[in-house]
Amino acid sequence: MLSLNFTNCLADSLGIEHGLTEPELFGMETRLKDAHESVMRQANAGKLGYFDLPNHTEEAKKIMAWAKKAKGSFDTLVVLGIGGSALGNIAVQNALRSPYWNMHDNKVRKGWLRLFVFDNVDPRWAADLASVLDLKKTAFNIISKSGTTAESLAAYFIFRKAVEEKVGTKKAASHFIITTDAKKGYLRELADREKMVSFVVPDNVGGRFSVLTPVGLVPAALTGVNLVELLSGAKTMRERCQGGSIKANPAATYAAIQYLYYQKNVKLSVLMPYSQNLYSVADWYRQLWAESLGKKLDKNGRVVNIGPTPIKALGVTDQHSQAQLYMEGSFDKIISFLSVENFGKKVVIPKVDKTHYLGGRTLNELLKAEEQGTRSALTKAQRPNLTLTIDEISETTLGELFFFFEMATAYMGELLNINALDQPGVELAKVYTHALMGRAGYETQRAELEAMQTKAAEGKYVV
């Protein structure tokens, strides 16, 4: 089970100036209880669809059974999605599969598919990806909850044309899997019209909370991930997220600590896995934390411009790039270590030089020593840090982590008194993009943009 050690956030470890006192922390329990009750009311009202996902084991079994049959038709899967339609997929794949998975042959992969996630519209990346794919053996999973995401549709049009040129128009549709809304949007219309294999994104699950829906489950199943165990881990964490007790509810405790430090102007939240495989979980966390908690208005409509900034770091790598700032820079950061007890593999450092202290030790020991050394150094420098520990990297522990952070985000939203489920701040950029690309109905915004560009083109402030 996941554990949360917050000793190094307390005044006993950091001193009274930079640490939390026990009365301060445990005094949050009434507010946490209220936050939990609010979250549960929303869940019971069907507004927090992610809360019920651990129960969807029958759907998971059906997806796994489908994937077992479908894998024989293809060698490679390319996910065409962005944001919440991509980051969870990347996190699952990188956590549970070797970083060199795509280099293994079919026998080593036991027939499960290679996986690429195309989550940008960089033309060079698109061209380079297309150049290495055997399109006759490649399936594409287009993911968009709305079914209208410009980036996902652009990628679909590009690869649809390429597939048609390789296998013909009649066979092309069989290479595409669609994950979208049940009833509306371009992708739903496409799936129905061409009788493509399709899966549904629940109405009440936002993109950044969708990793345990078909958004994340379908690609995971096609690479051989046990979806039932993934959901089982999430269910285990859900059972622990009861009430507002600091000692019993790890997600509520995490949210309380983050909130208290935010009130002390510690507004940068660093997630630092000491595992290469879990680095992409930090990427997934960044979207979850940033998009959910960065808000202009609170629930009362007041302008608050609030939200902690999430930062990803990787142990041991970023000890040599970011640690100097964390140790001696401004007192505005809280570091969350993500620690793994058992890596499942041991690599011995050979005694090439029999006099060297590293000879005969293991990389496992060195990694742990680096982690403990960094944690201790931060604590000595009075920098708040806490540690999330999992026994091993598995479907079960990954499911725990996903649900832990989702619940912590919900609690944090309640403590900040903001809506953690919407993302109004990203909509204007989408509107402007539609206008610039000539979409009908956006003529007013196009005129506005042209005026802005004219001013910028005057060159007064260009060096």
ask   = Where the centre of each part is set by its Cα atoms, how far does the stretch 62-108 sit from the stretch 182-200, in angstrom?
value = 21
inquiry  = I need the peptides 420-430, 378-388, 239-249 ranked by packing, meaning the mean over residues of other C-beta atoms within 10 angstrom, with the highest value on top.
reply    = 378-388, 239-249, 420-430
ask   = Solvent-accessible area per residue for the stretch 319-372 at a 1.4 Å probe radius, Å²?
value = 68
The stretch 1-64, dipole about Cα centre (Lys/Arg Cβ +1, Asp/Glu Cβ -1), debye to the nearest 20 = 440
note = Computed over the chain, the relative contact order (Cα-Cα under 8 Å, seq sep at least six) in percent reads 22
query = Given a 1.4 Å probe and every protein chain left where it sits, what share in percent of the accessible area of the stretch 60-158 is carbon and sulfur?
reply = 58
note = Taking the convex hull of the alpha-carbon atoms of the stretch 203-361 and averaging its shadow over every direction gives an area in square nanometres of 14.2
Of 222, 199, 169, farthest towards positive along the dipole that unit charges on Lys, Arg, Asp, Glu beta carbons give the stretch 166-244 = 169
key: Cα gyration tensor shape for the stretch 90-221, rounded if a/c is under 1.5, else prolate or oblate   = oblate
ask   = What value, in deg cm²/dmol to 500, does the helix sum -39500 (n - 2.57) over DSSP H runs of n ≥ 4 give at 222 nm once divided by the residues of the chain?
value = -14000 deg cm²/dmol
Positive-end extreme of charge dipole, the chain - chosen from 101, 301, 326 (charges on Cβ) = 101
ask   = Under a Cβ-Cβ cut-off of 12 Å, what is the net charge of the residues other than residue 393 that fall near it, where Lys and Arg count +1 and Asp and Glu count -1?
value = -3
Amide H partners (placed H, <5 Å) of residue 362, local residues excluded = 349
query = Rg(Cα) of the stretch 15-154 divided by 2.2 N^0.38 Å?
reply = 1.49
task = First compute the accessible area of the stretch 217-285 with a 1.4 Å probe, then give the percent of it belonging to carbon and sulfur atoms.
result = 41
query = When N is the residue count of the chain, what does its C-alpha Rg come to as a fraction of 2.2 N^0.38 Å?
reply = 1.04
query = In the full protein assembly as shown, how much of residue 189 is accessible to a 1.4 Å probe, in Å² to the nearest 10?
reply = 110
query = Which ³J(HN,Hα) values, rounded to whole Hz and listed in residue order, are derived for the stretch 5-19 from phi using the Karplus coefficients 6.51, -1.76 and 1.60 in 6.51 cos²θ - 1.76 cosθ + 1.60 with θ = phi - 60°, glycine and proline given as x?
reply = 10, 10, 3, 7, 10, 9, 4, 4, 9, 10, x, 5, 5, 10, x
key: Residues with amide H under 5 Å from that of residue 177, placed H, sequence gap 5 or more   = 140, 141, 142
query = Kirkwood Rh over Cα pairs of the stretch 345-447 into Stokes-Einstein at 37 °C, 0.692 mPa s: D in µm²/s?
reply = 168
note = Summed over the other residues with a beta carbon less than 10 angstrom from that of residue 359, with K and R at +1 and D and E at -1, the charge totals +2
For the stretch 286-300, Karplus couplings with θ = phi - 60° (6.51, -1.76, 1.60), whole Hz, Gly/Pro x = 4, 5, 4, 5, 6, 6, 7, 10, x, 9, 7, 10, 8, 5, 8
request  = Count the DSSP beta bridges whose two residues both fall in the stretch 311-463, then state the antiparallel fraction as a percent rounded to the nearest 5.
outcome  = 10
remark   = Expressed in square angstrom to the nearest 10, the accessible area of residue 28 with a 1.4 Å probe stands at 10
key: Estimated dipole of the stretch 347-463 in Debye, rounded to 20 [Cβ of Lys and Arg +1, of Asp and Glu -1, Cα centre]   = 660
ask   = Going out from 0 in 10 Å bins, what whole percent of all Cα-Cα distances in the stretch 1-73 drops into each bin?
value = 15, 21, 24, 20, 13, 7, 0
ask   = About the Cα centre of the chain, what is the dipole size in debye to 20, counting +1 per Lys and Arg Cβ and -1 per Asp and Glu Cβ, all else neutral?
value = 1200
ask   = Roughly what % of DSSP beta bridges within the chain run antiparallel, to the nearest 5?
value = 15
key: Accessible area of the stretch 57-138 divided out per residue, in Å², using a probe of 1.4 angstrom   = 54
note = Summing +1 per Lys or Arg and -1 per Asp or Glu among the other residues with Cβ less than 12 Å from residue 155's Cβ gives -1
task = Specify which residue in the list 374, 402, 343 is farthest towards the positive end of the charge dipole of the stretch 331-417, using unit charges on the beta carbon of Lys, Arg (+1) and Asp, Glu (-1), about the Cα centre.
result = 374
message = What is the distance in Å between the Cα centroid of the stretch 381-440 and that of the stretch 311-342?
response = 19
ask   = What ranking do 118-130, 262-274, 346-358 get when scored by the average of other Cβ atoms within 10 Å per residue, highest first?
value = 262-274, 118-130, 346-358
key: Carbon and sulfur %, accessible surface of the stretch 321-463 computed with the full protein complex present, 1.4 Å   = 56
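The values are calculated or read from the model by the stated rules, or taken from the named source; none is laboratory data. Note that the structure is predicted; figures quoted are calculated from it, not measured. Cβ sites come from the backbone with ideal geometry, for glycine too, and all protein chains shown count toward neighbours. Accessible surface is based on the protein model in full, side chains and every heavy atom, while ligands, DNA and RNA are left aside. Shrake-Rupley method; radii C 1.70, N 1.55, O 1.52, S 1.80 Å.
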